Amino acid sequence: MDTFTTDYLICALWSTTDESTPQGGEPLDTNYGIGDIAPETLARMVEDCRAFQSANWVDIASHVGQAGHDFWLTRNGHGAGFWDGDWPEAGDRLTEASKRFGEFDLCVGDDGLIYN
């Protein structure tokens with residue numbers, strides 16, 4: 001798996017909670033890893049990463065790992081991402097491109113796998 005996609009997946013697990021308590025619970029990366037993402041969900045995530053990279057490669061090529069991280073944060077409306085100043089030349093373009101993908105929520109299924 002490429003660096004962009006790996007960092008995107010790691011950020012997804014880190015920034016999503018398991019909803020095990022009214023306060024949100026634990027971050028998914030506390031008890032789950034990439035191998036716990038359901039195959040169909042993983043395939044969609046990988047395809048989104050491929051499409052985003054393909055459309056925005058010129059802007060992200062110098063910081064591919066950070067771009068994967070920021071793609072997850074930006075598309076899901078977190079408090080950081082492409083728009084927060086680390087991408088001065090391309091932040092607005094990359095933010096707009098991320099938002100076109102829409103939000104992507106994760107949850108743990110009864111089988112212990114992570115789904116969208």
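The values are calculated or read from the model by the stated rules, or taken from the named source; none is laboratory data. Please read all numbers here as calculations on a predicted model, not as lab measurements. Glycine also receives a Cβ, built like all others from the backbone with ideal geometry; neighbour counts cover every protein chain displayed.
The table below lists the values:
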{"read-out": "Positions within the range 69-106 being among the hydrophobic types (A, V, I, L, M, F, W, C), part of a helix (DSSP H, G or I) and under 25 Å from D36 (Cα atoms), in sequence order", "value": "F71, W72, L73"}
{"read-out": "Close pairs from the range 3-29: first farther than 25 Å from H63 by Cα, partner among the small types (G, A, S) and surrounded by fewer than 17 Cβ atoms within 10 Å (Cβ to Cβ), Cβ under 6 Å, at least 6 apart", "value": "T17/G24; T17/G25; D18/G25; E19/G25"}
{"read-out": "For A55: the one exception among (1) surrounded by 17 or more Cβ atoms within 10 Å (Cβ to Cβ); (2) within 16 Å of G102 (Cα to Cα)", "value": "(1)"}
{"read-out": "Q66 being in contact with a helix residue (DSSP H, G or I) (Cβ under 6 Å, 6 or more places away or on another chain), in a helix (DSSP H, G or I), surrounded by 12 or more Cβ atoms within 10 Å (Cβ to Cβ) and of a type in the set (S, T, N, Q)", "value": "no"}
{"read-out": "Selected residue (criterion: surrounded by the fewest Cβ atoms within 10 Å (Cβ to Cβ)) from residues of the range 7-46 that are part of a loop (DSSP other than H, G, I, E, B), of a type in the set (G, A, S) and at pLDDT 95 or above", "value": "G33"}
{"read-out": "Any hit, the range 107-114, residues being surrounded by 15 or more Cβ atoms within 10 Å (Cβ to Cβ), in a loop (DSSP other than H, G, I, E, B) and charged (D, E, K, R)", "value": "no"}
{"read-out": "Scope the range 11-34; condition small (G, A, S) and touching a strand residue (DSSP E or B) at 6+ places or on another chain (Cβ under 8 Å); matching residues", "value": "S15, G24, G25"}
{"read-out": "Qualifying residue in the range 89-108 (condition: over 21 Å from L13 (Cβ atoms) and modelled with pLDDT under 95)", "value": "yes"}
{"read-out": "Matching residues, the range 46-62, being touching a Phe, Trp or Tyr at 6+ places or on another chain (Cβ under 7 Å) and charged (D, E, K, R)", "value": "D48"}
{"read-out": "Neighbours by Cβ (under 8 Å, 6+ apart or cross-chain): first from the range 76-94, surrounded by 16 or more Cβ atoms within 10 Å (Cβ to Cβ); second not in a helix (DSSP H, G or I)", "value": "N76/E103; N76/F104; N76/D105; F82/A90; G91/G85; L94/W87"}
